[in-house]
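This report concerns only the one structure given below.
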Amino acid sequence: MSPLPDLKTLFIQLIGAPSISGLETHDDMSNHAVIELLQNWFSDLGFHCEVDLVKDTNGKHNLLAKIGSGTGGLLLAGHTDTVPFDDGRWSQDPFTLTEKDNKWYGLGTCDMKGFFALVLEAVKDLPLTELKRPLYIFASADEETTMNGAKAFAESTSIAPDYAIIGEPTSLKPVYMHKGHLAQGIRVIGRSGHSSDPARGLNAIEVMHQVIGQLLKLKQHLADNYREDAFTVPYPTMNFGHVHGGDAANRICGCCDLHLDIRPLPGLPLSDLELMVINYLADISAKYPGAINISTLYPGAEPFAGKADNPWTQLVAELAGCEAEVVNYSTEAPYINKLGCQTLVLGPGSINQAHQPDEFIATAFLSPTVELLKKLVHHACIK
């Protein structure tokens, strides 16, 4: 077996292997280089590795590494892809690890390829031959867009760990619950014409005005009828993020588009939300047959709810030295949770650095993360 590189070299190689996920074809790329690195490193530590192509992706793969036998055990999970970077807004090459002011800069240092480097650093010193229960490492594809990697894994795997940790950047605070995410597009198709004779056309902007009015009623309904006080924003939110219609002041607008984002609480499935949108717009659709089209902009993410008072959450909170909490963003937790394990989100770095130019992980997180991971493996797989 080859000796494992030191921690900084692990970071350097992972960050130096681009693995961007994008909704636009020109942004999207395979994660194969990252998967190959992880497969080689975990294999060198004695893990059995399986690599699977994820359907409906741009040549992307999932990796499952396993060591130890028996039932139960621990799954450490994360995603291998990153978001696209803002060219020109970075102070240095996003694919070159740069150390400055006790921070390691690079695309994926925080969100979240760096997590795998820290897992490797933690497990290399553990007595892996003494495991009483298996340790799994799952590296997924496409979390930043479709979550197809985690969805495919949950549908196809036969593993049944007792516990799971998803290493998203939570500042090493355990997260047991988060909201979901639904992004929809609404297009109104009208009839264009000369503005001097409005009756000869159908102004899509005016119809969209009615659509927005109904959606505002739905927004209020969600706020009035769904609540979870554990969240800082304790109700489902709706945001109108994009609206565009028309091309000239003297022309009746023939098409208008609206993009909206809804963040549901646990207990409110995406399918129910989609039906609510349809129902709230039903009267307008009946008034203007064929004029309103509702679509999903990209695959959404279901909300996730674990329990703050179960033994695993309480143990991890004790080991991490802080109370378990909830967050408003989404992760792969609802899909990993389908394996039947007690699932938490916990990882190094701050979510405030994710998806930002000059992304970094503070070096103060490195040693504490390694030590915490060792303790988690000990409790779940050795003790």
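Between the helical axis of 366-377 and the dominant principal axis of the chain, each derived from Cα atoms, what acute angle in degrees is found, rounded to the nearest 10?
80
Within the range 12-69, list the trypsin sites (Lys or Arg not before Pro) lying in a DSSP loop whose Cβ has at most 15 other Cβ atoms in a 10 Å radius.
Working: sites: LYS55, LYS60, LYS66; in loops: LYS55, LYS60.
Qualifying residues, ordered by number: LYS55.
Would you mind checking the range 165-185 for residues with the amide N under 13 Å from a putative spin-label position 7 Å along Cα→C-beta of ASP261?
180-184
Using Cα positions and a limit of under 13 Å, work out the aspartates and glutamates in reach of LYS179, with same-chain residues fewer than 8 apart set aside.
Filter leaves GLU228, ASP229, ASP261, GLU302, GLU325, GLU332.
Which order do you get for GLU168, GLU50 if you rank them by accessible area with a 1.4 Å probe, largest at the top?
GLU50, GLU168
With axes computed from alpha carbons, what is the tilt in degrees of helix 32-44 against the longest principal axis of the chain, rounded to the nearest 10 within 0 to 90?
For 32-44 against the chain, the angle is about 20 degrees.
Using a 1.4 Å probe and ignoring any ligands, DNA or RNA, find the accessible area of THR98 and quote it in Å² to the nearest 10.
Approximately 40 Å² for this residue.
Dividing the Cα convex hull volume of the range 1-55 by residue count, how many Å³ per residue is that?
80
For the residue pair ASN279 and THR25, what label-to-label distance in nm results when each label sits 7 Å from Cα along the Cα-to-beta-carbon direction?
For the pair ASN279/THR25, the computed spacing is 3.9 nm.
In nm, to one decimal, how far is the ALA230 label point from the LYS100 one, both placed 7 Å along Cα→Cβ?
Between ALA230 and LYS100, the label points sit 4.0 nm apart.
Once the whole set of protein chains is in place, how much accessible area is left on VAL326, using a 1.4 Å probe, in Å² to the nearest 10?
Using a 1.4 Å probe on the heavy atoms, I get roughly 20 Å².
Which loop trypsin sites (Lys or Arg not before Pro) in the range 196-289, with loop taken from DSSP, have no more than 14 other Cβ atoms within 10 angstrom of their Cβ?
In loop regions of the range 196-289 (DSSP not H, G, I, E or B), the sparsely surrounded trypsin sites (Lys or Arg not before Pro) are ARG227.
According to the square roots a ≥ b ≥ c of the eigenvalues of the Cα gyration tensor, what is the shape class of the range 111-227, taking rounded for a/c under 1.5, prolate for a/b larger than b/c otherwise, and oblate for the remainder? The partial results should precede the final answer.
Working: a/c = 3.78, a/b = 2.96, b/c = 1.28.
Judged from the Cα gyration tensor, the range 111-227 comes out prolate (a/c at least 1.5, a/b above b/c).
Mind checking the log10 I(q)/I(0) for the chain at q = 0.09, 0.13 Å⁻¹? Debye, one equal scatterer per Cα, no solvent, two decimals.
Computed log10 I(q)/I(0) values: -0.58, -1.05.
So, for the chain, what is the accessible surface per residue at a probe of 1.4 Å, expressed in square angstrom?
Result: 44 Å² per residue.
What's the extension gain from ASP87 to ASP6 if we count 0.36 nm per residue and subtract their Cα-Cα distance?
26.2 nm
Can you compute the FRET efficiency between ALA248 and TYR288 using 1/(1 + (r/R0)^6), with r the Cβ-Cβ distance and R0 = 25 Å? Round to the nearest 0.05.
Numbers: r = 22 Å, r/R0 = 0.88.
Calculated transfer efficiency: 0.70.
Quick one: angle between helix 270-280 and the longest Cα principal axis of the chain, in degrees between 0 and 90, rounded to 10, please.
10
Run the quick spin-label model on HIS194 and ALA160: label points 7 Å from Cα toward the beta carbon, then report their separation in nm to one decimal.
For HIS194 paired with ALA160, the spin-label model returns 7.4 nm.
Kindly count the pairs of lysines across the range 51-168 whose alpha carbons are less than 29 Å apart, treating pairs on different chains or eight or more residues apart as eligible.
Summing the qualifying lysine pairs gives 19.
Would you mind telling me the share, in percent, of accessible area of the range 86-186 contributed by carbon and sulfur at probe 1.4 angstrom?
Percent of accessible area from carbon and sulfur atoms in the range 86-186: 38.
The values are calculated or read from the model by the stated rules, or taken from the named source; none is laboratory data. Because the structure is a prediction, the values reported are computed rather than measured. Note: ideal-geometry Cβ built from the backbone for every residue, glycine included; neighbour counts use all protein chains shown. Heads up: the accessible areas ignore ligands, DNA and RNA and are worked out on the full protein's heavy atoms, side chains in. Shrake-Rupley method; radii C 1.70, N 1.55, O 1.52, S 1.80 Å.
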